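Only the coordinates and a few stated rules stand behind these numbers; no lab work does. A quick note: this is a predicted structure, and the numbers were derived from the prediction, not measured. Here the Cβ is made from the backbone with ideal geometry for all residues, glycine too, and neighbour counts use every protein chain on show.
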Amino acid sequence: MNNNRSIVHMDLDTFFVSCERLLDSRLNGKPVLIGGTSDRGVVASCSYEARKFGIHSAMPMRMAKQLCPEAIILRGNSGIYSKFSNDVTDVIKESVPLYEKTSIDEFYIDLTGMDKFFGCHKLASELRQRIIKETGLPISFGLSLNKTVSKIATGEAKPNNEIRIISGTEKPFLAPLSVKKIPMVGNVTYKALCDLGVKRIKTVQDMPMELMHKVLGKNGLSIWKKANGIDNSPVIQYHERKSISTERTFGQDTTDVHKLRGLVIAMAENLAFQLRRGHKLTACITFKIRYSDFQTYTQQQRIPYSAMDHNIIPVVLDLFKKLYNRRLLVRLIGVKFSHLVEGGHQVNLFEDNEMHLNLANAMDKMRKRYGDRVVMSAAGMEAKTISRWNPFNGEPPPLLANRHQ
């Protein structure tokens, strides 16, 4: 393993709030909440002023209002955030040879070997200043020899600052921090660790690896490694995916509208799950139908950025209804989502309805564990064989036409 890697993690500070402040300076210095605005809404992002009241992202909006009645509440606008995110990406793209965009507001940059020409820290610093100057957005970074340590360092650097962890000092840097700061430790794992009396990273560092493995399984091993500043994962060159699609050719041409409709729903559900799994959103839906005489029709519709079944399926069904001619035998149907952007998880929090959010999360958890055909709406049940392809791992999909535009 290369011990002198230089990996930067850059993260835009309270990104959605910062975008809104650029558009309206009256929001500066005020407690601002962004998310679903109804009673069932959830906080997607909040300013540092709001955090002082104990508000955090994914908290129900009702609760946040009680904690800070004077907060200004805004409904998220994914179009604006996508534009700002792309502006930042453009600056990074022009400045560094290798970067990975992991969400709408964070990036990993591999500067390994660049220090022969100029110091990596100086390069990262200048890039950060350039982003601030050219986009007006505050951004923080951590620099170290791997992704994990850099990501944790960024968290310590915030707001609007930078930290460098000198090679060899990773363990002492991590030791005093809460185990919650380890990227893969969520609430459930945190509680399990607290029950073991483990609150600080130092305690994990002092534990034998075997013990962590015994108590928490494979997860425990990863946590132990990260607590000890060990992480060999590479920065993977980022490519903007423009579209994902799936289509199905029938062995026998069909006029069974019930079967067709079920398949359309199943295809839309499957693609929406792929979006959520890749933390992506779509803004354009295309439906395609080919009849037995090979006449092919397509129609598309723009939608507000989404990755949620209840926003997407009705649109797909509507397009199907418009294009379907009952008297003809159908040979093929296809669904495509295009205009994809990053940042699905946060933007889904703009959904006003917690129920939809919880349902999608629960279904996705089961799909991840047992395979993507395990849960689906009853209407999609008959379509058993939609491709099990993950569009975000770079492999070509089975039987998919024109997946790039």
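Here are the numbers for the structure shown:
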item: Percent RCO, i.e. relative contact order, over segment 15-79, from Cα pairs under 8 Å lying at least 6 residues apart; result: 34
item: Segment 243-380, relative contact order in percent, only Cα pairs under 8 angstrom and at least six apart counted; result: 36
item: Computed [θ] at 222 nm, deg cm²/dmol, the chain (DSSP H ≥ 4; -39,500 (n - 2.57); rounded to nearest 500); result: -12500 deg cm²/dmol
item: Distance in nm between pseudo-label sites at K180 and H56 (7 Å out along the Cβ direction from Cα); result: 0.4
item: Fraction of the pair-distance distribution of segment 15-79 above 16 Å, Cα-Cα pairs, percent; result: 33
item: Förster-model FRET efficiency, 51 Å R0, S38 and H213, C-beta, rounded to 0.05; result: 0.70
item: Label point at N325 placed 7 Å out along Cα→Cβ; residues across segment 263-293 whose backbone nitrogen lies under 13 Å; result: 289-293
item: Coordinate range along principal axes, alpha carbons of segment 243-380, Å, largest first; result: 45, 30, 21
item: Pairwise Cα inverse-distance average, inverted: Kirkwood Rh of segment 69-208 (Å); result: 17.1
item: Gain in span if fully extended, L359 to S95, counting 0.36 nm per residue against the direct Cα distance; result: 90.9 nm
item: Cα centroid separation, segment 69-129 to segment 257-283 (Å); result: 31
item: FRET efficiency, I132 to C194 (Cβ-Cβ, R0 45 Å, nearest 0.05); result: 0.75
item: Compactness index (Cα Rg / 2.2 N^0.38 Å), the chain; result: 1.09
